[in-house]
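Here the structure comes first, spelled out in structure tokens, and everything after it is commentary.
The values are calculated or read from the model by the stated rules, or taken from the named source; none is laboratory data. Owing to the predicted nature of the structure, the values given are computational and were not obtained by experimental measurement. Every residue, glycine among them, receives a Cβ derived from its backbone with ideal geometry; neighbour counts consider all protein chains shown. Surface areas here come from the heavy atoms of the whole protein model, side chains and all, with no ligands, DNA or RNA. Shrake-Rupley method; radii C 1.70, N 1.55, O 1.52, S 1.80 Å.
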Amino acid sequence: MTLVTAKERSAQGAPRAEGDRRPTDRAAWFLVLPALIPILVLSVGPLLYGILLAFTDAQSGRTRATRWIGGLNFQDLLHDTLFWESFRIGLVWAVGVTVPQFLLALGLALLLDQDLKLRWLARGLAIIPWAMPEVVVGVMWRLVYNPDAGVLNETLRTLGLGDGRDWLSGLSTALPAVIVVGVWAGMPQTTVTLLAGLQNTPRELHEAAAMDGAGAWRRFRTVTWPALRPVALAITALNFIWSFNSFALVYVLTRGGPGGRTRLPMLFAYEEAFRYGQFGYAAAMGLVMVAVVSVLLALFLMGRLKGGDDA
């Protein structure tokens, strides 16, 4: 009788015995655990606790007992006009940042994809805002918008376009000014992502289209964009989520003012939790934000994917 080793059985395509598979599975779990445990402890655990907290009247204070109140927090949210106004501002902010950010990043990515002199230097300069923490970006732009000695107002005075204004304190200018900062801060990441997608587009397709007499716009519409669409869809969805959930940048710039004109939902929930001590109510706000953004994102992705299938 010829004895067949496990290595030979594997080479012949024979299924391994149960005893041969168990050590491999255990080793795989052992390798995954170091990455899985932090996710469970730092992400899944707090998420589940936040969902539980949303159905309680948890408030600040060690001696105050926490009671289960069911959906009372959500009923109060339905009639909280300040929260829904902050939600509207958050959507305006997210769309106002995501759309121009994508268009500008696409143009910059197309430019950096060309064979230009000092292209390496231009690519390095393009990602500088990405390397800066949001707090540093906020402080820097506060100096730019400074009403007395800011770069923006000094430039306007030099060009004879007026004496300038207090951009971050004006009721009509605060939100647009903050949106400009959001676009500037997030554009490098979008540019790098789109540039990677452009470089993965086969050059042969562009050359074949050019030989057929296709102009630049036609080559972009028929060759570049179809290859870039999945990357564009992914980065647009991520940018919308990141923008809507922004906190540090807007907090440093305006802290939600003036008059709540830049009070994003995250700022509103932060104030309810850490300024007024309403932890349960703030958790309910967070749960509503997650649910609504998930629905909007699902509708957006379905529409884009359907449009791509039809195309």
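General remarks:
- Note on region 231-297 and region 111-133: Cα centroid distance 31 Å, given to the nearest whole angstrom.
- Farthest toward positive dipole pole in the chain [+1 Lys/Arg, -1 Asp/Glu at C-beta], among LEU296, SER86, THR201: THR201
- In this structure, TRP130 and LEU301 have a Cβ-Cβ separation that, at R0 = 30 Å, corresponds to a calculated FRET efficiency of about 0.75.
- Test item: Cα-centred dipole of the chain, Lys/Arg +1 and Asp/Glu -1 on Cβ, debye: 420 debye
- For region 125-180, the share of accessible area belonging to carbon and sulfur comes to 68 percent (1.4 Å probe, ligands and nucleic acids excluded).
- Average accessible surface area per residue within the chain, 1.4 Å rolling probe, Å²: 62 Å²
- Between the amide H of THR56 and those of ILE69, distances stay under 5 Å, these residues lying 5 or more places away or on another chain, with hydrogens modeled in the peptide plane.
- Summary value for the chain: 26 percent relative contact order, contacts being C-alpha pairs under 8 angstrom separated by 6+ residues.
- Taking 0.36 nm per residue of separation and subtracting the current Cα-Cα distance, fully stretching the chain between ALA237 and ASP113 would add 42.3 nm.
- Across region 289-302, computed HN-Hα scalar couplings (Karplus, 6.51 cos²θ - 1.76 cosθ + 1.60, θ = phi - 60°) run 4, 4, 5, 5, 5, 5, 5, 4, 5, 5, 5, 4, 5, 4 Hz from first to last residue, x flagging Gly and Pro.
- Of the three principal axes defined by the Cα atoms of region 125-281, the extents in descending order read 63, 52, 26 Å.
- Near-label residues of region 225-261 by backbone N, under 16 Å of a point 7 Å along Cα→Cβ of ILE39: none
- Value of relative contact order over region 225-311, rounded to a whole percent, pairs C-alpha under 8 Å and six or more apart: 22 percent
- Taking the Cα centre of region 161-311 as origin and assigning +1 to Lys and Arg Cβ atoms and -1 to Asp and Glu Cβ atoms, the resulting dipole is close to 100 debye.
- Computing P(r) over Cα pairs in 10 Å bins from 0, in percent for the structure here picks out one of (1) 6, 26, 32, 25, 10, 1; (2) 5, 18, 22, 21, 17, 10, 4, 2, 0, 0; (3) 6, 26, 37, 25, 5, 0, namely (2).
- Hydrodynamic analysis of region 93-176 uses the Kirkwood radius over alpha carbon pairs. Inserted into Stokes-Einstein at 20 °C and 1.002 mPa s, it gives a translational diffusion coefficient of 139 µm²/s.
- Share of carbon and sulfur in the accessible area of region 50-90 stands at 59%, probe radius 1.4 Å.
- Relative contact order, percent, region 219-272 [alpha-carbon distance under 8 Å, six or more residues apart]: 24 percent
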